[in-house]
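The structure under discussion appears below in the form of structure tokens.
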Amino acid sequence: MQENCVFCKIISGEIPAHFVHQGERIVAFLDINPLNKGHVLLVPRDHAENVFDIEKGLLSELIIKAQEISWRLREKLGAEAVNLFNASGSAAEQSVFHFHLHLVPRWPADGLAINDWWREKVKKFSSEELEELAAKLKF
Ligand SMILES: [Zn+2]
């Protein structure tokens with residue numbers, strides 16, 4: 001429990017939320033600013049800031065839970081697809097510094113068209129630059 005963390009307060013019950021799952025290590029609740037009906041936030045009970053410091057086993061559990069919630073969004077809401085989003089760090093525009101995964105259910109022509117803004121932001125690199133980048137990142 002981290003003081004002044006809105007998600008820790010939701011998990012402790014200090015701030016109300018509409019929970020869809022309350023597991024031993026993970027909770028899921030509806031985003032109060034949803035991009036679509038059924039936009040869920042998947043959050044570990046233990047405070048970890050983001051992908052850089054979350055415990056590996058817990059991160060694995062979160063991904064498996066994301067799959068279960070995705071199935072549920074499809075089954076219960078008729079979602080045809082889902083987007084999973086995470087922001088880790090200020091430069092990535094993380095707003096709440098308690099690890100969370102957004103699950104946004106998607107339908108055809110639902111007005112989100114994420115590919116539109118994605119394509120506008122694409123940067124170009126030469127094949128030499130890409131080769132150098134890959135070599136630097138390879139492990
Ligand atoms: Zn927290």
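Structural remarks
- On inspection, residue 43 qualifies as near the ligand (Cβ under 9 Å from one of its atoms), within 13 Å of the chain's Cα centre (by Cα) and open to solvent by less than 80 Å² (accessible area, probe 1.4 Å).
- Qualifying residue in the range 116-130 (condition: at pLDDT 95 or above, open to solvent by 70 Å² or more (accessible area, probe 1.4 Å), assigned to a helix (DSSP H, G or I) and charged (D, E, K, R)): yes
- Criterion: under 17 Å from residue 47 (Cα atoms) and at pLDDT 95 or above - qualifying residue of 77, 73, 84, 101: 101
- Exactly one residue among 95, 88 is within 16 Å of the ligand (Cβ to nearest atom), exposed (fewer than 15 other Cβ atoms within 10 Å of the Cβ) and within 14 Å of the chain's Cα centre (by Cα), and that residue is 95.
- Hits in the range 27-40 (condition: open to solvent by less than 30 Å² (accessible area, probe 1.4 Å) and not aromatic (Phe, Trp, Tyr)): 27, 28, 31, 36, 38, 39, 40
The values are calculated or read from the model by the stated rules, or taken from the named source; none is laboratory data. Predicted model only: the values in this text are computed from it and were never measured. Note that we place each Cβ from the backbone using ideal geometry, even for glycine, and neighbour counts take in every protein chain shown. Heavy atoms of the whole protein, side chains included, go into the accessibility calculation; ligands, DNA and RNA do not. Shrake-Rupley method; radii C 1.70, N 1.55, O 1.52, S 1.80 Å.
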